[in-house]
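Every read-out reported here was derived from the displayed coordinates using simple, explicitly stated rules and does not represent laboratory data. Bear in mind the structure is a predicted one, so any value in this text is a computation, not a measurement.
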Amino acid sequence: MDISLLIGLLTVPLALGSVWWVDANVGYDALVELVSGTWDGTSPELGVFLAAAVLVGLGAVSAGLNSGLLPTSGLVIAPIFGAALTRYGTSVPTYGGGTTVVSLPEAVAYAAYVGVAFGVPIALCGFLLGAGLRRVGVVLTDTAGPSRPTEQA
């Protein structure tokens with residue numbers, strides 16, 4: 001329970017840190033270009049793959065520490081949410097042919113959508129990896145208790 005609470009509390013700094021990093025170093029428009037090029041294969045970027053690997057690793061560590069799926073998902077979704085939140089204040093094209101500035105409610109809704117759409121599959125991968133590694137560790141260290149009824153006597 002304590003680990004799950006700690007992991008839940010880490011989500012806020014992770015989201016804020018990703019907002020700061022994307023805003024200070026990359027910018028929302030460049031982030032969209034990097035992710036889009038990697039997603040459709042036209043211009044794969046190593047940084048996008050590394051970011052995904054770090055998120056899977058975060059999920060695996062969280063699950064390996066015996067944290068639940070919900071805290072692990074929150075830990076993985078938070079940086080994605082923060083990165084997508086940098087859409088706030090940018091100009092985006094409208095269906096009518098012009099542009100509009102993204103409002104805060106629209107940016108939060110979009111960030112939540114992107115966070116869940118990309119974060120949940122990544123969190124599931126990390127969770128399964130971490131839970132599997134934790135199970136292997138328990139079996140190899142034989143902390144699970146007696147494996148046969150004859151060893152109990």
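Mind jotting down the distance between the C-alpha centroids of segment 72-149 and segment 1-53, whole Å? Computed from Cα coordinates, the inter-centre distance equals 10 Å. Straightening the chain between Val139 and Glu33 buys 33.7 nm, computed as 0.36 nm per residue apart minus the Cα-Cα spacing. One way to sum up the overall shape of segment 23-133 is the equivalent ellipsoid from its Cα gyration tensor, whose semi-axes run 29, 16, 11 Å, largest first.
Span-like helix check, the chain: qualifying full DSSP H segments, with Cα axial length of 15 Å or more and mean Kyte-Doolittle of 1.0 or more, are 2-21, 46-64, 69-85, 104-141.
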